[in-house]
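Values quoted throughout were computed directly from the atomic coordinates according to the rules given, and no laboratory measurement underlies them. This one's a predicted model, so the numbers in the text were calculated from it and none came from an experiment.
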Amino acid sequence: MSESPPAGWQVQAKPAAMSRRFEFADYAATRGFLDRLEVLSKETGNYPDLNFAKTHVNVSVVAKDTVLGTDDYAFARQVEALASTPLAS
């Protein structure tokens, strides 16, 4: 059974990786996402490559192996969930 990345993620073969750009309304929302992503990364041991600006974050997950695996796709789904979580007041 072959898994696939969540919708919106771009996959590349060499090196095996997937990436997605997340857009936010303002810097506070961007910062909130980055803070939640830091917590998730510490919990899971997955540290994606990040590039960000005031209202967007590019997240790249590079395979630990030669191909993307179940853990990589699961992490991408968790990142998706973080991006849709509203900023706490």
task = Calculate one ³J(HN,Hα) per residue across region 12-26 by plugging θ = phi - 60° into the Karplus curve 6.51 cos²θ - 1.76 cosθ + 1.60, and present them in order as whole Hz with x for glycine and proline.
result = 10, 8, 10, x, 5, 7, 9, 9, 7, 9, 10, 9, 10, 6, 7
query = Hey, could you pull the Cα Rg and Dmax for region 37-89, both in Å?
reply = 11.9, 41
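Mean residue ellipticity at 222 nm from the helices of the chain, using -39,500 (n - 2.57) per DSSP H segment of n ≥ 4 over the full residue count, to the nearest 500 deg cm²/dmol? Mind showing how you got there, number by number?
Numbers: 2 runs with 32 residues, N = 89.
Estimated from H runs of four or more residues: -12000 deg cm²/dmol.
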query = Taking H as built 1.01 Å from N, whose amide H comes closer than 5 Å to the amide H of H56, not counting residues under 5 places away?
reply = F24
request  = Mind checking which lysines have their Cα closer than 25 Å to the Cα of K64? Skip sequence neighbours fewer than 8 apart in that chain.
outcome  = K14, K42
query = Rg and Dmax of the chain, Cα atoms, in Å?
reply = 12.9, 42
ask   = Once the Cα atoms of helix 70-83 and of the chain are each reduced to a long axis, what angle between those two axes, in degrees from 0 to 90 to the nearest 10, is obtained?
value = 20 degrees
remark   = If one compares the long axis through the Cα atoms of helix 27-44 with the longest principal axis of the Cα atoms of the chain, the angle in degrees, nearest 10, works out at 40 degrees
